[in-house]
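First up is the structure itself, then whatever we jot down about it.
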Amino acid sequence: MISIGIVEDQTDVRESLNYYFSLQNEILTEISASSIEEFLAEEKRELEPDVLLLDIDLPGLSGIRGIPLIKKRYPQIQIIMLTVYKDAHKIFESLKAGACGYLVKTTPLDKIKEAIIEVNNGGSPMSPVIARKVIEYFDQTKNKAEESILTPKEQLVVTYLVDGKSYKKIAESLGNSIDTVRTHIRNIYRKLEVSSKSELVAKHLKQ
């Protein structure tokens, strides 16, 4: 039996969740509240909630600001954000604050149940649209990190190489000698951990 809590200010959403989980043999709704303040005002139960479904946009304290207070009272609780927000800022603020999962409110009830079971077993469930945003964020961060290790001139050399320019043409475009261009290319290969022009072009195009 998994004990859960729900913090959701929209009455119809909260009652829908309560009703659905009341029909599930594996899950017991221990606490249901419309705000962080109401949730924390409840007497500490003998059966503590294992998992909490938590909205972000709440009256009073927001869900994100409430996470540390909830974790202080229930250190072992696993928190799943259940919200309308899909922007990267809200996602990462929630995860940094201590949430273990992030679902949008359009998630079907049976999928929310699966997420509760998953997080209780040590997983980090996310709606597909949220997982995609997380992957995109880290892809962008990785690409920016790789680009930032090249100097502006080295980045320009990479662009010329991808365009198919010869060393001579690159040297003319930069106003440098061919030996200087070769030095730039050696540095680029070393920094990006590639050993040939074809590897460099493939890596650039992949990014």
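The values are calculated or read from the model by the stated rules, or taken from the named source; none is laboratory data. If you're wondering where the values come from, they're calculated on a predicted model, not measured in any experiment. Virtual Cβ from ideal backbone geometry, glycine too; neighbours counted across all protein chains shown.
Here is a list: 105, 144, 169, 165. Which entry is basic (Lys, Arg) and either at pLDDT 90 or above or under 26 Å from residue 29 (Cα atoms) (or both)?
105
So which residues in region 1-25 are under 28 Å from the mean Cα position of the chain (by Cα) and under 23 Å from residue 74 (Cα atoms), if there are any at all?
Those that are under 28 Å from the mean Cα position of the chain (by Cα) and under 23 Å from residue 74 (Cα atoms): 2, 3, 4, 5, 6, 7, 8, 9, 14, 17, 18, 21.
Does region 37-44 contain at least one residue that is under 27 Å from the mean Cα position of the chain (by Cα), in the same structural domain as residue 102 (by TED's automatic domain parsing) and loosely packed, with under 13 Cβ neighbours inside 10 Å?
Checked region 37-44: no residue is under 27 Å from the mean Cα position of the chain (by Cα), in the same structural domain as residue 102 (by TED's automatic domain parsing) and loosely packed, with under 13 Cβ neighbours inside 10 Å.
Can you pull out the residues in region 87-101 that are within 17 Å of residue 5 (Cβ to Cβ) and not polar (S, T, N, Q)?
97, 98, 99, 100, 101
Would you mind telling me which numbered condition in (1) at pLDDT 80 or above; (2) surrounded by 12 or more Cβ atoms within 10 Å (Cβ to Cβ); (3) farther than 23 Å from residue 63 by Cβ residue 177 fails?
Of everything listed in (1) at pLDDT 80 or above; (2) surrounded by 12 or more Cβ atoms within 10 Å (Cβ to Cβ); (3) farther than 23 Å from residue 63 by Cβ, residue 177 misses just condition (2).
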